[in-house]
1. When a/c reaches 1.5 or more, the comparison of a/b and b/c decides; with that in mind, is the range 79-126 rounded, prolate or oblate per its Cα gyration tensor?
2. How high is the relative contact order of the chain, given as a whole-number percent (alpha carbon pairs under 8 Å, six or more residues apart)?
3. Mind running the shape call on the range 19-73? Use the C-alpha gyration tensor, a ≥ b ≥ c as the square roots of the eigenvalues: rounded below 1.5 for a/c, prolate if a/b tops b/c, oblate otherwise.
4. Any idea of the accessible area per residue across the chain, 1.4 Å probe, to the nearest Å²?
5. In degrees from 0 to 90, rounded to the nearest 10, what is the angle of the helix 52-63 Cα long axis to the longest principal axis of the chain?
6. For the Cα atoms of the chain, what angle does the longest principal axis make with the long axis of helix 67-82, in degrees from 0 to 90, nearest 10?
7. At 222 nm, what helix-only mean residue ellipticity would the chain give, in deg cm²/dmol to the nearest 500, using -39500 (n - 2.57) for each DSSP H run of four or more?
8. Charges at C-beta only: +1 for Lys and Arg, -1 for Asp and Glu. How large is the resulting dipole of the chain about its Cα centre, in Debye rounded to 20?
Amino acid sequence: YLMDETKNYFKNVEELAKNNQTIITIISFIQANYRDTDLCLENIAENVYLSPNYLSSLFKKKMDKTISQYIADVRVQHARELLRDRSLKLYDVAVQAGYKDANYFTKIFKKAVGVTPSEYREKYNI
């Protein structure tokens, strides 16, 4: 009995380490590709050799947010940095942050930050 329990324990630890490495790989891929306007669950799943459904449930379980939410968070964080450059127009910031549509970018940004990108620039005097 003790041998079986020990084997199960190490099997679970090995699986946990593998899952955590997969999450690290996914996060790294998103960080490297957030500017790609076509970045989506299917592209990521293909890159890490998992089914989209499994990847989605694994990510949600480990990160407590969906892939889409995480991608939006990464893009908004980078947009906040890009907004410091006043020579960039808001449309350019949207594109560089990975959004095709500046209006959609504004909506996502406002939802995440509480103000529009232009208000963010003014409010924080960037």
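The values are calculated or read from the model by the stated rules, or taken from the named source; none is laboratory data. None of these values were measured; they are calculated from a predicted model. Note that each Cβ is placed from the backbone with ideal geometry, even for glycine, and that neighbours are counted across all protein chains shown. Note: accessible area is taken over every heavy atom of the protein model, side chains too, but ligands, DNA and RNA are not part of it. Shrake-Rupley method; radii C 1.70, N 1.55, O 1.52, S 1.80 Å.
1. Values: a/c = 2.01, a/b = 1.13, b/c = 1.77.
Judged from the Cα gyration tensor, the range 79-126 comes out oblate (a/c at least 1.5, b/c at or above a/b).
2. Numbers: 90 pairs, mean separation 25.5, N = 126.
Taking the mean separation of contacting Cα pairs over the length of the chain, I get 20 percent.
3. Working: a/c = 1.44, a/b = 1.25, b/c = 1.14.
Rounded shape, in that the Cα axes give a/c under 1.5.
4. Value for the chain: 67 Å² per residue.
5. 90 degrees
6. With both axes taken from Cα atoms, the answer is about 40 degrees.
7. Values: 7 runs with 94 residues, N = 126.
Helices in the chain give a 222 nm mean residue ellipticity of -24000 deg cm²/dmol.
8. Values: 19 positive and 16 negative charges, 102 e Å.
It works out to roughly 500 debye.
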